[in-house]
Amino acid sequence: AQSVTQPDIHITVSEGASLELRCNYSYGATPYLFWYVQSPGQGLQLLLKYFSGDTLVQGIKGFEAEFKRSQSSFNLRKPSVHWSDAAEYFCAVGAGSSGSARQLTFGSGTQLTVLP
Amino acid sequence: GAGVSQTPSNKVTEKGKYVELRCDPISGHTALYWYRQSLGQGPEFLIYFQGTGAADDSGLPNDRFFAVRPEGSVSTLKIQRTERGDSAVYLCASSLLGQRQETQYFGPGTRLLVL
């Protein structure tokens, strides 16, 4: 069975600073990987996804993530954080085949606080 | 177009009662998923539909939980004899089967509180 670890429960950064949120996964085959963001009272919004190919993927809102198979990691980065980025971030791995990812397993999330 | 919608947005019930939670997927999406998110946790998979049939219900915690999707569109998650431990946010997602890099799109969730 697959699993996802997000080691940082809470991260605080200053507006304009760079950000890296860590995600480690465990899965026996090639993983399908996702980052979602959740604002208070909102559903999950997809930031970016990795299925295959280029290991550096670009997403919305200036986010990017890099898949590193050797480290079983899929860390999320942003060069300059905006106050509106304050939210909870979830990494997820999908189990599936043929380019699909049916059953998603999520990490426990990282809460991001942005200081003015 | 419209996203995934869920009703009600909040539901308060008493222990032992029956509840139904509704999900309207994105129009044309053939797959539908239910997840449960407890406080301070990530969502946990419950069940997944392809069309009208449940393709994977391995995440349902026990037989008090049941879900249907009779016409392959709207789905209802049903919880019998609710317990306080059922309190959580129930999230629904939909996707288009067969789409390259198939992606799940989530609704805002139903917050269930069992007193």
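Can you tell which of A:Lys78, A:Lys49, A:Lys68 is in contact with a helix residue (DSSP H, G or I) (Cβ under 8 Å, 6 or more places away or on another chain), basic (Lys, Arg) and either under 24 Å from B:Gly98 (Cβ atoms) or away from chain B (no Cβ under 14 Å) (or both)?
Only one candidate qualifies: A:Lys78.
Within segment B:100-115, restricting attention to residues that are farther than 16 Å from A:Phe106 by Cβ and part of a loop (DSSP other than H, G, I, E, B), which residue is least open to solvent (accessible area, probe 1.4 Å)?
Filtering segment B:100-115 for residues that are farther than 16 Å from A:Phe106 by Cβ and part of a loop (DSSP other than H, G, I, E, B), the one least open to solvent (accessible area, probe 1.4 Å) comes out as B:Glu102.
Among (1) of a type outside the set (Asp, Glu); (2) free of Cβ contacts under 8 Å to residues at least 40 places away in the same chain; (3) open to solvent by 40 Å² or more (accessible area, probe 1.4 Å), there is one condition A:Gly16 misses while meeting the rest; what is its number?
All conditions pass for A:Gly16, except number (2).
What is the number of the single condition among (1) modelled with pLDDT under 95; (2) more than 10 Å from chain A (Cβ to nearest Cβ); (3) within 10 Å of the chain's Cα centre (by Cα) that B:Cys23 does not meet?
Only one criterion in (1) modelled with pLDDT under 95; (2) more than 10 Å from chain A (Cβ to nearest Cβ); (3) within 10 Å of the chain's Cα centre (by Cα) is unmet by B:Cys23, namely (1).
With the requirement that a residue be aliphatic (A, V, I, L, M) and at pLDDT 95 or above, what does segment A:93-113 give you?
If the condition is that a residue be aliphatic (A, V, I, L, M) and at pLDDT 95 or above, then A:Leu112 is the only one that fits.
List the number of the failed condition for A:Tyr27; all other conditions in (1) surrounded by 12 or more Cβ atoms within 10 Å (Cβ to Cβ); (2) at pLDDT below 95; (3) more than 18 Å from B:Glu44 (Cβ to Cβ) hold.
Unmet condition: (3).
The values are calculated or read from the model by the stated rules, or taken from the named source; none is laboratory data. Note that the structure is predicted; figures quoted are calculated from it, not measured. A quick note on method: Cβ atoms are made from the backbone with ideal geometry, for glycine too, and the neighbour counts reach across all protein chains shown. These accessible areas exclude ligands, DNA and RNA; they are computed on the full protein's heavy atoms, side chains included. Shrake-Rupley method; radii C 1.70, N 1.55, O 1.52, S 1.80 Å.
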